[in-house]
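A short reminder: the numbers here are calculations on the coordinates, not readings from a lab. Keep in mind it's a predicted model, so treat the numbers as computed, not measured. Here Cβ is always computed from backbone atoms with ideal geometry, including for glycine, and neighbour counts include all displayed protein chains.
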Amino acid sequence: ANMTMEISPNLTSCHDSYGRPDLLVNCCPPLSATDDVAIDFQYIYSKSSKLRVRRSAHHLDTTYIAKYTKALTIMKSLPYSDPRSFSRQALLHCTFCTGAYDQKFSSATIDIHRQWLFYPFHRMYLYFHERILASLIDDDTFALPFWNWDNPDSMIFPKMFLEGPFVDSQREPSHFNKVVDLNYNSYTVGNASGEQEQVDTNLAFMYNQVIAAAKKPELFMGCPLYPGEDGYCDGPGTVELAPHNTVHTWVGLSSNPHNENMGAFYSAGWDPCFYSHHANLDRIWDVWRDIHGMYLPINDTVWLNSYFYFYNENLQLVKIKVSDVLNTKELGYTYEETDLAWLNKRP
Ligand code: C2O
């Protein structure tokens, strides 16, 4: 028998879903696309084109910020019916992160967190988001910035997100001027007594999450998820658990029931800083790969062949596989090198 074993969404199955057990949400797109219109993903990058460079949000010049401001303003002005619009981009996170779709080859739902599709799914999401922004300003070199929260000079919430289209009213204002706590949870607020202590704690924590506790792929990437009735292996990778989850919670407004927007899966995509938070996670995937030499982190056909659908900048529905996104240079982008201050911060 030729059994299909990938994880993939059934695009016509969108239904209400739970962002949290006590919270019913519906984030289905207005018209369900069908997969028969999808085109296969193709690399646009060729050796002669210049790699787009994602830069640290703390060190952007005003021209760069102006470009992003313009692109995001246009994106926000597009109607909800347009899949390139900011609202539809934001809802993508809700649909794939709260179980709005059933799987194509199993009746289980899809939730791309807390398992091995976490990194590849978010890489695809940011890739298309970035290409759409670039096309809206007709600037092929445009690349998303990353919030370099693991770097001592960038642990404070990036100022650029406090202005223009980057503002989100649902953030915790008392955290804007503080060094982020990468291992934050609301029950242990204020463990570190001062800024320098928080920076040091963060660096030691990074060492643990990327190096000491992440020596095997399943520890860093998350548990293997196979199509099946339960469809949820629930074993997040080290960095997904923290700083990923913790920075989400730290940014969101703590008087909201679930620290929305950033603190909850269904609402996180509405905060423009989400995309820079995830660009840093995407960068750290490559850092982990280089440190541990895991260029093919998981050699498993279920993982490699699992696929998703995204609209591209030309409004085409694209089918893209995990194996398409293992090398960012083939996708046409790279990251500005920044200091990995935690590399030798063995606790
Ligand atoms: Cu899909 Cu930061 O989460």
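Near GLN103, the amide H atoms lying under 5 Å from its own belong to ASN10, ALA108, THR109, ILE110; only residues 5 or more places off or on other chains count, and H is placed 1.01 Å from N. For segment 262-307, the set of chymotrypsin sites (Phe, Trp or Tyr not before Pro) satisfying both a DSSP loop assignment and a count of at most 16 other C-beta atoms within 10 Å is given as TYR295.
Do the sum for the chain: with -39,500 (n - 2.57) for every DSSP H run of n ≥ 4, divided by all residues, what is the mean residue ellipticity at 222 nm, to the nearest 500 deg cm²/dmol?
On the way: 8 runs with 94 residues, N = 347.
Taken over the chain, the calculation gives -8500 deg cm²/dmol.
Express as a percent, rounded to the nearest 5, the fraction of DSSP beta bridges in the chain (both residues included) that run antiparallel. Present the calculation step by step, with values, prior to reporting the outcome.
Numbers: 12 of 18 bridges.
Here the antiparallel bridges make up roughly 65 percent for the chain.
Relative to one another, the C-alpha centroids of segment 225-262 and segment 81-115 are positioned 15 Å apart.
When only Cα pairs under 8 Å and 6 or more residues apart are kept, what is the percent relative contact order across segment 1-119? Could the numbers behind the result be given before it?
Details: 116 pairs, mean separation 43.1, N = 119.
Contact order relative to length: 36 percent.
Near PHE146, the amide H atoms lying under 5 Å from its own belong to ARG55, SER56, ALA57; only residues 5 or more places off or on other chains count, and H is placed 1.01 Å from N. Each of VAL302, SER49, PHE96 was scored by the projection of its Cα onto the charge dipole of the chain, and the greatest displacement toward the positive side belongs to SER49; charges sit on the C-beta of Lys, Arg, Asp and Glu.
Taking amide H as placed 1.01 Å from N in the peptide plane, LEU253 has its amide H under 5 Å from the amide H of ARG171, GLU172, GLU260, ASN261, MET262, GLY263, each at least 5 places away in sequence or on another chain.
When ranked by the protection proxy of mean other Cβ atoms within 10 Å per residue, highest first, what sequence do the peptides 74-80, 127-133, 251-257 form? Present the calculation step by step, with values, prior to reporting the outcome.
Details: 74-80: 14.7, 127-133: 23.3, 251-257: 17.7.
With the highest mean Cβ count within 10 Å placed first, the list reads 127-133, 251-257, 74-80.
Taken as Cα centroids, segment 152-170 and segment 1-76 sit 22 Å apart, rounded to the nearest whole angstrom. Rounded to whole numbers, the Karplus 3J(HN,Hα) couplings from phi for segment 301-309 are 5, 5, 5, 5, 9, 4, 9, 9, 10 Hz, using 6.51 cos²θ - 1.76 cosθ + 1.60 with θ = phi - 60°, and x at Gly and Pro.
Cysteines of the chain lacking any other cysteine beta carbon under 4.7 Å? By the Cβ distance rule, which asks for a partner under 4.7 Å, the isolated cysteines are CYS97, CYS273. Converting phi to 3J(HN,Hα) with the Karplus coefficients 6.51, -1.76 and 1.60 and the offset θ = phi - 60°, segment 163-176 yields 9, x, x, 8, 5, 9, 6, 9, 10, 7, x, 6, 9, 4 Hz in sequence order, with x at every glycine or proline.
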